[in-house]
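Working notes for the structure below.
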Amino acid sequence: MQGIRKIIFYCLVIIFFSNCKREYNNSDYSESAYKNAEKNLDKYYQTKDESYLQLALNNVEQSLQSSQTRHEAIALKIDLLSQSKNYTWGYKFVDSLNASDFKIKYKKEMWHYYFHALESQCMDDTTNRNIYLIKIISGIQNYVRQENIPDKKKDEEAYQDLVFSKISVLNNQMLFFPAKH
């Protein structure tokens, strides 16, 4: 009976350590996929070859699976979708996320409206584009007013988003928000 307990104990220890190694490998894989996505986005910026955007989107999908790279991967995917002008896919992706997937509370709503604004601009519908931008501005202003923001970096990011939105309305053309990744 004592021998069987030892065997079961050793089996459990082996299973535990093999799962730890698998978790570590998944984390490494996600980090590598994220870095590859960033490299492919950089190559796109250098060459304007849209095949790099598709490669980056494939890489970022893999890095979304890890909690260690998820926030950064979400921001990167949003950047990739806006660069690829795939606006419908963009707001559907944002809608599929939880508010907790974003580091700052207003970001989910902001990105949802941002993709709708870009889509409206592509259809030369500046009225709806401005309506979406005003919704973004209103959401950010409410966030700044309602939150006691202890983190100056988040505070700074909210004001940057607010300025980009207001400039877009005033210039009557869309600016691309800098994605934080």
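Read-outs: derived from the displayed coordinates by stated rules, not from any lab. What you see is a predicted model; the values in this text were computed from it and never measured. Using ideal geometry, Cβ is built from the backbone for each residue, glycine included, and neighbour counts are taken over all protein chains shown.
Couplings 3J(HN,Hα) for the stretch 69-83, derived from phi with the Karplus relation 6.51 cos²θ - 1.76 cosθ + 1.60 (θ = phi - 60°), are 10, 4, 4, 5, 5, 4, 4, 5, 5, 4, 4, 5, 5, 6, 5 Hz, where x marks Gly and Pro. Full extension of the chain between residue 46 and residue 71 yields a length gain of 6.5 nm, computed as 0.36 nm times the residue separation minus the alpha carbon distance. The separation of the stretch 28-95 from the stretch 97-116, counted between C-alpha centres, amounts to 16 Å.
Taking 7 Å steps out from each Cα toward its Cβ at residue 28 and residue 103 produces label points 2.6 nm apart. Return, ordered by residue number, the residues of the stretch 84-106 whose backbone nitrogen is under 17 Å from a label point located 7 Å along Cα→Cβ of residue 125. Hits in the stretch 84-106 for residue 125 at 17 Å: 86-92. The string of couplings for the stretch 31-47 from the Karplus curve (6.51, -1.76, 1.60, θ = phi - 60°) is 5, 5, 5, 5, 5, 5, 4, 4, 4, 5, 5, 4, 5, 4, 4, 6, 10 Hz, one whole number per residue in order, with x for Gly and Pro.
Checking the cross-link pairs 77/108; 39/107; 35/85 against a 20 Å limit on the alpha carbon distance flags 39/107; 35/85 as lying beyond it.
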